[in-house]
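The values are calculated or read from the model by the stated rules, or taken from the named source; none is laboratory data. Since the structure is predicted, the reported quantities are computational estimates derived from the model, not experimental observations. Don't worry about glycine lacking a Cβ; one is built from the backbone with ideal geometry, like all the others, and counts go over all protein chains shown.
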Amino acid sequence: MRDAEAALRRLKMKQRAAASEMARLSRKDGIPDIRGILDLDLLDPESQDRATLHWEALHKHQPRLPRAKRIILIRADDDGWLPRPPTLGWSAPCEIEVHTVPGRHEEFLRHRSAQEVADVMRRVLFS
């Protein structure tokens, strides 16, 4: 039953994300309304503020990478509510090596994903 409830919550998040993307087009700052993605009413006021600040920072951030001969990106294989390009929007003068580990971003360093990240890092550092 929990899996069905989790799947329903994720479906609702995806629906809100699609609606939020449409609303973003009408906002002056171009940032989608977080309430289109996340039910803030489930959070305490401090967590609501933190989530909102994180959301705004996420959408204002302009990814920049230093010049390097080799760039490694370790990412979760579950994109969550919005599909992402393989390099997550990063670009660089050299090729970006993308390594994918199981799980979602929110769980990236929990559960088994932490071990998967460590395994990728070990392979990259010692290759």
Residue check for THR52: surrounded by 10 or more Cβ atoms within 10 Å (Cβ to Cβ), farther than 24 Å from LEU40 by Cβ and without any contact (Cβ under 8 Å) to a residue 40 or more places away in the chain: no
Residue within region 82-103 that is in contact with a Pro (Cβ under 8 Å, 6 or more places away or on another chain) and acidic (Asp, Glu) present: no
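Between LEU58, LEU65, which is closer than 30 Å to LEU8 by Cβ, exposed (fewer than 15 other Cβ atoms within 10 Å of the Cβ), of a type in the set (A, V, I, L, M) and modelled with pLDDT under 90?
Every option except LEU58 fails the conditions.
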Among residues of region 77-127, those that are in a loop (DSSP other than H, G, I, E, B), in contact with a strand residue (DSSP E or B) (Cβ under 9 Å, 6 or more places away or on another chain) and closer than 20 Å to ARG10 by Cβ, counted: 8
Region 73-125: number of residues that are exposed (fewer than 14 other Cβ atoms within 10 Å of the Cβ) and either aromatic (Phe, Trp, Tyr) or in contact (Cβ under 8 Å) with a residue 40 or more places away in the chain (or both): 3
Any chance ARG10 is at negative phi, assigned to a helix (DSSP H, G or I) and modelled with pLDDT under 85: yes
Residue within region 51-64 that is assigned to a loop (DSSP other than H, G, I, E, B) and of a type in the set (Asp, Glu) present: no
